[in-house]
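Encoded as structure tokens, the structure appears first; notes follow it.
The values are calculated or read from the model by the stated rules, or taken from the named source; none is laboratory data. Note that this is a predicted model, so its numbers are computed, not measured. As a convention, Cβ positions derive from the backbone with ideal geometry for all residues, glycine included, and neighbour counts pool all protein chains shown. When the accessible area is computed, the model is the full protein with side chains, heavy atoms only, and any ligands, DNA or RNA have been set aside. Shrake-Rupley method; radii C 1.70, N 1.55, O 1.52, S 1.80 Å.
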Amino acid sequence: MESEKKQPAVSDVGAWAMNVVSSVGIIMANKQLMSSSGYAFSFATTLTGFHFTVTALVGWISNATGYSVSKHVPLWELVWFSLVANTSITGMNLSLMLNSVGFYQIAKLSMIPVVCLMEWVLNSKHYTTKVISAVVVVAAGVGICTVTDVEVNAKGFICACVAVFCTSLQQITIGSFQKKYNIGSFELLSKTAPIQAVSLIILGPFVDYYLNGRSLLNYNFSTGATFFILLSCSLAVFCNMSQYLCIGRFSATSFQVLGHMKTVCVLILGWILFDSALTVKNILGMLLAVMGMVVYSWAVETEKKATTPIPRNKSDMLNDGEDVPLKARVSGLPPSDLEEGEMKS
């Protein structure tokens, strides 16, 4: 008798909810921490290094206490993945610094078609017309409610292209590693986080000094700033964990599309908490984006049902001569009677 499959500790809905809540929470915490009206901690790359340091610590404690089991992944693949992930982070920061906010948002939106193209090239994945249409609707809705002024220069364009490519490759690689090495999302994160933490802690202050001309050594770590740094790091653990969890269960494309729900939530919370302007254009764009996400979810589920083979029940199998045991056909007895006779003998 086959053993029953172990149910996942976090459901699919729970994984998405964890990612949305932690991502929106970390954006709100970082906004207070890094804004000039808050604590002016303008060291984004170094802060990401802090995030992965705490994540690596949680992973080490989990392995030490036996909560998770460490599986082997070649070191060179972990280093390669960390290099791609760190390039993604640095590229995004440089893109935001060199380009306008509008072009930065366009670059983030372009990740959806780039991920689709890379999954088609690397994994031979095909998309139905319904899925492609839903992706276009989501991108259009998010673009309407987020893109304003669009200014770009040569350096900024190159940084944006590098950031989009590396981010897309990173997200596809997460899913590939989990399948290739049969490793759980948290176990994989526990292996990549220390490498990213060390490299970002070392290089982060230099990158941030290049970005804003300020040295981390001259920053005054007040009680409030320290509290928000710790809060940001705590939320980052759940954000990183849920990202690996979602991509491992679904796909990089689904993560990108449904992940734009975070953009809608950030706009709404920014309007509520920080008195950000919310125009009719923003509202219409958000409604269009939400509609596209609903259509995308429906299209993906429809595609899954269409491609999943319908299992044949036992009675149907017995009606097919090829599925009836040879001994039963020779004896002329029904299979059930034959089995009883063999058991009694």
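Values as computed for the structure displayed
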quantity: For segment 153-166, Karplus couplings with θ = phi - 60° (6.51, -1.76, 1.60), whole Hz, Gly/Pro x; calculated: 10, 4, 5, x, 5, 5, 4, 5, 5, 5, 5, 5, 5, 5
quantity: Extension gain (nm, one decimal) between L75 and W120, 0.36 nm per residue minus Cα-Cα; calculated: 13.5 nm
quantity: R0 of 22 Å, Cβ-Cβ distance Y210-S36: FRET efficiency to nearest 0.05; calculated: 0.65
quantity: Out-of-range pairs (alpha-carbon distance over 31 Å; input K130/K191; K130/K179; K125/K155; K31/K130); calculated: K130/K191; K125/K155; K31/K130
quantity: Most to least accessible of W120, W60 (protein chains only, probe 1.4 Å); calculated: W60, W120
quantity: Label-point gap, in nm, between N220 and C161 - each point 7 angstrom along Cα→Cβ; calculated: 4.4
quantity: Mean Cα-pair separation over length for segment 78-223, i.e. relative contact order, pairs under 8 Å, 6 or more apart, %; calculated: 41
quantity: For segment 108-126 versus segment 36-60, the gap between their alpha-carbon centres in whole angstrom; calculated: 30
